[in-house]
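Participant: The structure follows.
What follows draws every value from the coordinates through simple rules; no lab data is involved. Not measured: the values here are computed from a predicted model. In this analysis, Cβ positions are derived from the backbone assuming ideal geometry, glycine residues included, and neighbour counts consider all displayed protein chains.
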Amino acid sequence: MDDAVSAAGHAPSVLNTQPWHWRSHDDTLDLSVDPARLLAVTDPDSRLAVVSCGAALHHALISLAAGGWQATVTRSATAGHAGHLATVRVDGRIPIEPESVAHLRTIGLRYTDRRPIQGDHIDADKLRSIAAAAESQGASLHLLRPHQAFELAAATDFAVRTESGQAGWQAELQQWAGGARPRKTGLPDTAIPQGTTPTTVISRDFGHRSDMVIAEAHDRTAIFAILYGPEDRPLNWLRAGEALSAAWLTATELDVSVLPLSVTIEVPDTRETVRQLLGDAGHPFLVLRFGVLDPAGAGAPHTPRLPTDQTVERTTD
Ligand SMILES: Cc1cc2nc3c(=O)[nH]c(=O)nc-3n(C[C@H](O)[C@H](O)[C@H](O)COP(=O)(O)O)c2cc1C
């Protein structure tokens, strides 16, 4: 169980809040959101926190599968359920699949790549594999056509300006981004781009200039996609997080970089604009930018993570 919780700790999360809380009891793990690590202004419905917890859940399940453990998951994510999201029960041994072992290794390598995309177009086969990985976890990827990417860019610009104009949002960002992050949550200066990134769709206004040097390049070959699902409920947000994890691990193994972009989802008006880009297909949970991974090396040092003991409570009878 400890290995699963530790693997889950590597999951991506909005502003690196790591909003998951595990309760470990015999052969059971209970996953909840941690109210102390929610973003009251940026994410008032906890939608992005639940997406982040879904990614942590998928990481935990990969770790169990790579250890040869069969797990049964009961997802209980409902609004008003005191933040309880899922129960994982380990109930036997299974053969170890090479794919799980590869994914477990990739969990330690995956990172958010905020550099502009340079280089070639992504192979269509790779994009199909990434979309299939998301689909296998109950959410879908809609790849945007170039003219839709420009609509997304305009919506993102509006969302960034809307958030930047709110004092409460600025205060929350100051709390979670910048500095050396000795408490091991949030985004350190090293992970924040220095100045404005030359890109079609901006990421977010991190509120200050930082350490991550950005080369002169553009996102001409970037692919923008919307992660979406059939309904806009906490259970769908959890599944979206599991799909995000599956898609991102697959992308990393195929040398495709990933940048989640949540600002248009955070602002209700632009979330509606993104929903319209989907036609009648469903409800958007996150925008993703994909690109061919720059072979010149890592984009930024890995962001800090809380010690596992701070995310798990162990109980016995
Ligand atoms: C739901 C969600 C929303 C995110 N939104 C953004 C975003 O808008 N801009 C951004 O640069 N990174 C975004 N990220 C990436 C996180 O900042 C990143 O996962 C976290 O800082 C941990 O870093 P790592 O992914 O490199 O391990 C998001 C991640 C998640 C899971």
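Participant: What share of all Cα pairs of region 66-120, in percent, falls into each consecutive 10 Å distance bin?
Facilitator: 19, 25, 31, 20, 6
Participant: Given the convex hull over the Cα atoms of region 136-199, what projected area results after averaging over all orientations, in nm²?
Facilitator: Seen from a random direction, the Cα hull of region 136-199 projects 7.1 nm² on average.
Participant: Would you look at the GNM of the chain, springs on alpha carbons closer than 10 Å, and say which of Leu235, Leu286, Leu249 moves the most?
Facilitator: Per the Cα network of the chain with a 10 Å cutoff, Leu235 tops the list.
Participant: How large is the helix-only mean residue ellipticity at 222 nm for the chain, computed as the sum of -39500 (n - 2.57) over DSSP H runs with n ≥ 4, divided by its residue count, in deg cm²/dmol to the nearest 500?
Facilitator: The per-residue figure over the chain is -11000 deg cm²/dmol.
Participant: Return the ratio Rg/(2.2 N^0.38 Å) for the chain, where Rg is computed over Cα atoms only.
Facilitator: Relative to the rule-of-thumb radius for its length, the chain sits at 0.94.
Participant: Quick one: dipole size for the chain, taken about the Cα centre, charges +1 on Lys/Arg Cβ and -1 on Asp/Glu Cβ, in debye to the nearest 20.
Facilitator: Roughly 300 debye, rounded to the nearest 20.
Participant: Based on DSSP H assignment, which helices of the chain show an axial Cα extent of at least 20 Å together with a mean Kyte-Doolittle hydropathy greater than or equal to 0.5?
Facilitator: 47-66
Participant: In square nanometres and to one decimal, what's the mean projected area of the convex hull around the Cα atoms of region 124-292?
Facilitator: Its Cα hull, projected and averaged over all orientations, spans 10.1 nm².
Participant: Run the numbers for Arg183 and Thr72: contour at 0.36 nm per residue of separation, minus the present Cα-Cα distance, in nm.
Facilitator: Result for the pair: 36.6 nm of gain on full extension.
Participant: Using +1 at the Cβ of each Lys and Arg and -1 at the Cβ of each Asp and Glu in the chain, identify which of Trp22, His283, Gln170 lies farthest towards the dipole's positive end.
Facilitator: Gln170
Participant: Take the alpha carbon atoms of region 255-317, find their center, do the same for region 56-133, and report the distance between the two centers in whole angstrom.
Facilitator: Each part reduced to its Cα centre gives a spacing of 13 Å.
Participant: May I have the pair-distance distribution P(r) for region 1-143, computed from all Cα-Cα distances with 5 Å bins from 0 and rounded to whole percent?
Facilitator: In whole percents, the pair-distance histogram is 2, 9, 16, 20, 21, 16, 10, 5, 2, 0.
Participant: Another question, then. Along Cα→Cβ, 7 Å out, is where each label goes; now give me the distance between the ones at Arg128 and Thr315 in nm to one decimal.
Facilitator: 4.8 nm
Participant: What does the charge dipole of region 124-292 about its Cα centre add up to, to the nearest 20 debye, if the Cβ of each Lys and Arg holds +1 and the Cβ of each Asp and Glu holds -1?
Facilitator: Here region 124-292 has a charge dipole of around 220 debye.
Participant: Counting Lys +1, Arg +1, Asp -1, Glu -1, what net charge surrounds Trp169 among other residues with beta carbon under 13 Å of its beta carbon?
Facilitator: Summing Lys/Arg as +1 and Asp/Glu as -1 gives -3.
Participant: Can you work out the Karplus-derived ³J(HN,Hα) for every residue in region 255-263? Use 6.51 cos²θ - 1.76 cosθ + 1.60 with θ = phi - 60°, whole Hz, and x for glycine or proline.
Facilitator: Result, ordered by residue: 6, 10, 8, 10, 10, x, 10, 10, 4 Hz.
Participant: Could you give the length gained by full extension between Phe150 and Glu135, i.e. 0.36 nm per residue of separation minus their alpha carbon distance, to one decimal place?
Facilitator: Full-extension gain reported as 2.8 nm.
Participant: Given the options His21, His147, His58, state which has the largest fluctuation in a GNM of the chain using a 10 Å cut-off (strictly under) for Cα springs.
Facilitator: His147
Participant: Describe numerically, in nm with one decimal, the distance between label points set 7 Å from Cα along Cα→Cβ at His25 and at Gln276.
Facilitator: For His25 paired with Gln276, the spin-label model returns 4.8 nm.
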